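Below is one structure, written out as structure tokens; the observations come after it.
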Amino acid sequence: MKKHPLRAYRESKGITAAQLALRLNVSRSTILRWENHQRKISTDLLEHVYKQTGVSKYLLRPDLMRLFR
């Protein structure tokens with residue numbers, strides 16, 4: 001399975017899941033669930049995650065591509 005874009009972001013910045021969780025105001029377990037493809041980032045949080053990380057909304061949720069046009 002392809003590496004989740006948030007994991008790639010974290011690794012490129014040298015930060016832990018706990019540090020990213022603090023930045024995004026979610027739990028560490030939420031970050032890990034997203035990265036392990038166990039949960040999808042909710043549409044309510046998508047914009048916040050994008051603004052805090054700069055990771056494309058399309059990469060975070062390609063299943064919602066129609067919303068990003």
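The values are calculated or read from the model by the stated rules, or taken from the named source; none is laboratory data. Please read these numbers as outputs of a predicted model, since none were measured by experiment. Calculation scope for accessible area: heavy atoms of the full protein, side chains included, ligands and nucleic acids excluded. Shrake-Rupley method; radii C 1.70, N 1.55, O 1.52, S 1.80 Å.
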From the set of residues in the range 59-69 that are over 11 Å from the mean Cα position of the chain (by Cα) and assigned to a helix (DSSP H, G or I), which is nearest to ALA18 (Cα to Cα)? PRO62
Please enumerate the residues belonging to the range 1-54 that are open to solvent by 40 Å² or more (accessible area, probe 1.4 Å), of a type in the set (Lys, Arg) and in a helix (DSSP H, G or I). ARG7, LYS13, ARG23, ARG28, ARG33, LYS51
Using the structure shown, decide if ARG61 is of a type in the set (Lys, Arg) and modelled with pLDDT of 95 or more. no
Of all residues in the range 55-69, count the ones that are within 11 Å of PRO5 (Cα to Cα), open to solvent by 80 Å² or more (accessible area, probe 1.4 Å) and among the aliphatic types (A, V, I, L, M). 1
